[in-house]
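Asks: Below are the structure tokens for one structure; questions will follow.
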Amino acid sequence: MLAGSARNAWGLASWECTMTSGDEQRKYQQAGLPSVFADKRVVIGGGALLVAVIGFGVFMAGRSGSDESVPTSTTLVESQTTSSIVAGVTPTTVSETSGGGDAETPVATSAPVSVNPLTGEALDSANTGQVIAVKVDNGPAAQGQIGLRQAGVIFEVPVEGGLTRFTALFFDDVPIGVGPARSLRPVDADLLGPFSPIVITTGGRPWVVRDVEAAGVTILSDAEFFDQIVRQAPSNLLALAAKADATSVGGPPGVQPFRFGDSFDGDPVSVINIPLSGGMDVSWAVGGNGWVRTQNDSVFQVADTFDGDISDFSVDTVIVMMVAQRFAGYEDSAGAPVPTFDVIGFGRVMVFSDGQVIEGEWRRAAQEDGWIFVSDAGEEILIPKGRLFVEIVPRFVDITFE
């Protein structure tokens with residue numbers, strides 16, 4: 001169960017919290033942030049050359065510490081209530097789209113789509129919405145996460161300290177709140193590129209933020225897109241996903257992140273074991289609603305709303321992508337190296353759906369492209385329609401299934 005007092009956080013006129021927002025040390029009430037590099041002034045006269053570069057040292061110092069290491073005290077005014085958020089959500093317009101062949105995919109334009117680009121499922125009406133993404137904590141204080149069940153796609157990526165972090169993506173079914181929300185990681189630019197989403201996050205290293213924005217991603221990290229829940233900081237911020245969705249104007253993805261089909265013929269399997277790190281063992285087992293997740297020997301449970309009961313979490317398809325792991329170039333505040341991963345190129349893949357597995361290779365040419373899966377027999381693996389959970393797994397990890 002979530003703490004009962006969490007429901008009261010939505011009705012506060014104002015509140016103060018301590019949160020980590022990365023090296024930016026973001027003050028949400030400021031009118032704007034200064035440039036990473038301050039103005040340069042060059043004065044030449046009388047044989048003297050004065051070069052003042054203010055900010056370079058700040059930038060370099062910012063890259064040397066963890067984006068979780070600088071707490072910022074922030075006062076949020078006129079916090080959203082549940083009713084006001086719901087009232088602010090506007091419906092999308094209705095139009096048509098097209099498809100063809102055995103692989104059913106959304107149209108590769110920004111026009112309205114009638115197929116969910118995240119799940120391949122038909123929509124009740126054509127949608128002009130934009131994909132909404134939320135960076136979600138998976139540390140001990142974050143357990144009983146909120147809003148994940150409505151996600152069409154979830155990526156799980158290892159982070160420093162032996163933990164993992166989720167990136168949850170939504171299209172037609174966007175919850176009021178998702179969380180607990182956390183900060184960006186270097187791999188996010190490559191993961192989010194094909195979706196052209198809005199991402200709600202508590203921040204990140206300045207260079208990580210720039211890389212993510214350069215991938216065509218809109219970043220929301222202002223206070224108006226968060227509310228406080230009763231959790232231990234920094235896992236105490238709920239991303240207001242529905243509010244972001246109501247103001248989105250970017251439209252559906254312009255490419256096909258995944259290719260879907262109706263036929264899936266693999267080998268029988270009932271349990272998947274993924275020892276992601278020394279601190280995170282994940283397994284998936286066939287259940288009544290698809291694949292049921294277990295994490296560190298406990299059934300993984302989530303809540304649909306900030307004040308709702310928690311229950312077992314399951315998805316329709318689990319995709320395990322084996323990738324190369326690299327050092328991201330910085331350490332956290334405890335001195336632990338931060339990893340990043342190559343999700344462009346190629347590697348081994350295992351697609352699990354309907355109690356079956358097909359093994360093969362994932363391929364991706366560029367950041368703006370989607371993923372193509374090819375079986376060991378040389379045939380394209382078309383993903384069964386439904387909710388996807390994508391495990392980004394270092395290629396040295398020993399995956400077993402039975």
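The values are calculated or read from the model by the stated rules, or taken from the named source; none is laboratory data. None of the values given here were measured: they were computed from a predicted structure. We place every Cβ from the backbone using ideal geometry, glycine too, and count neighbours over all the protein chains shown. What goes into the accessible areas is simple: the full protein's heavy atoms, side chains included, and nothing from ligands, DNA or RNA. Shrake-Rupley method; radii C 1.70, N 1.55, O 1.52, S 1.80 Å.
Asks: How much net charge surrounds Met322 when only other residues with a Cβ under 11 Å from its Cβ are counted (Lys, Arg +1; Asp, Glu -1)?
Replies: Residues close to Met322 contribute a combined charge of -3.
Asks: Counting only residues 5 or more places away or on other chains, whose amide H sits under 5 Å from the amide H of Ala328 once H atoms are built in the peptide plane?
Replies: Under 5 Å from the amide H of Ala328 lie the amide H atoms of Val338, Thr340, each far enough along the sequence or on another chain.
Asks: Turning to a different aspect of this structure: Give me the Debye-computed log₁₀ of I(q)/I(0) at q = 0.11, 0.20 Å⁻¹ for segment 244-402, equal point scatterers on Cα only, no solvent, two decimals.
Replies: So the normalised log intensities work out to -0.53, -1.36.
Asks: Follow-up question, since we're still on this one. Taking 8 Å as the Cα distance limit and 6 or more residues as the minimum spacing, I'd like the relative contact order of segment 192-279 as a percentage.
Replies: The normalised contact order for segment 192-279 reaches 31 percent.
Asks: Also: Kindly write out, for segment 360-365 in residue order, the coupling ³J(HN,Hα) from the Karplus curve 6.51 cos²θ - 1.76 cosθ + 1.60 (θ = phi - 60°), rounded to whole Hz, with x marking Gly and Pro.
Replies: Karplus-based 3J(HN,Hα) across segment 360-365 equals x, 9, 8, 9, 7, 8 Hz.
Asks: Taking amide H atoms as placed 1.01 Å from N in the peptide plane, list the residues 5 or more away in sequence, or in a different chain, whose amide H sits under 5 Å from that of Lys385.
Replies: Long-range HN contacts for Lys385: Gly261.
Asks: ³J(HN,Hα) across segment 345-352 via Karplus (A = 6.51, B = -1.76, C = 1.60, θ = phi - 60°), whole Hz, x for Gly/Pro?
Replies: x, 7, x, 6, 9, 10, 10, 10
Asks: OK, next. When the solvent-accessible surface of protein heavy atoms is calculated with a 1.4 angstrom probe, in what order do Glu156, Glu224, Glu359 fall, highest first?
Replies: Glu224, Glu359, Glu156
Asks: Any idea which of Ala334, Ile319, Phe346 is furthest toward the positive side of the dipole for segment 307-347, if Lys and Arg beta-carbons carry +1 and Asp and Glu beta-carbons -1?
Replies: Of Ala334, Ile319, Phe346, it is Phe346.
Asks: If you take the alpha carbon radius of gyration of segment 262-348 and divide it by 2.2 N^0.38 Å, what ratio comes out, to two decimals?
Replies: 1.39
Asks: For segment 203-304, what log10 I(q)/I(0) values come out of the Debye formula at q = 0.14, 0.21, 0.23 1/Å, with one point per alpha carbon and no solvent?
Replies: Ignoring solvent entirely, the Cα scatterers give -1.05, -1.16, -1.16.
Asks: Please give the charge dipole size of segment 199-314, origin at the Cα centre, charges +1 on K and R Cβ atoms and -1 on D and E Cβ atoms. Round to the nearest 20 debye.
Replies: 360
Asks: Of the accessible area of segment 249-324, with the probe set at 1.4 angstrom, what percent is carbon plus sulfur?
Replies: Ligands and nucleic acids excluded, carbon and sulfur reach 43 percent.
Asks: May I ask you to compute the full-extension gain from Glu213 to Asn296, defined as 0.36 nm times their residue separation minus their alpha-carbon distance, rounded to one decimal in nm?
Replies: Length gained, Glu213 through Asn296: 26.5 nm.
Asks: Ignoring everything but the protein chains, give the 1.4 Å probe accessible area of Arg348 in square angstrom, nearest 10.
Replies: It works out to around 110 Å².
Asks: For segment 191-305, build the charge dipole from Cβ charges (+1 Lys, Arg; -1 Asp, Glu) around the Cα centre, then report which of Asn296, Leu238, Val286 sits farthest towards its positive end.
Replies: Leu238
Asks: Suppose every K and R has +1 on its Cβ and every D and E has -1 on its Cβ; what is the size of the dipole of segment 270-391 about the Cα centre, in Debye to the nearest 20?
Replies: Computed about the Cα centre, the dipole is about 200 debye.
Asks: When ligands, DNA and RNA are left out and all protein chains stay put, how many square angstrom of accessible area per residue does segment 254-370 have with a 1.4 Å probe?
Replies: Per residue, segment 254-370 has 42 Å² of solvent-accessible surface.
Asks: In bins 5 Å wide, starting from 0, what share of all Cα pairs of segment 120-267 does each bin hold, as a percent?
Replies: With a bin width of 5 Å, the distribution comes to 2, 10, 20, 23, 21, 13, 8, 4, 1, 0.
Asks: Counting only heavy atoms of the protein chains, get the accessible area per residue of segment 118-182 (1.4 Å probe) and round it to a whole Å² value.
Replies: Using a 1.4 Å probe on heavy atoms only, each residue of segment 118-182 averages 21 Å².
Asks: Rounded to the nearest 10 Å², what accessible area does Glu331 have for a 1.4 Å probe in the complete protein model?
Replies: Taking all protein chains as shown, Glu331 has close to 80 Å².
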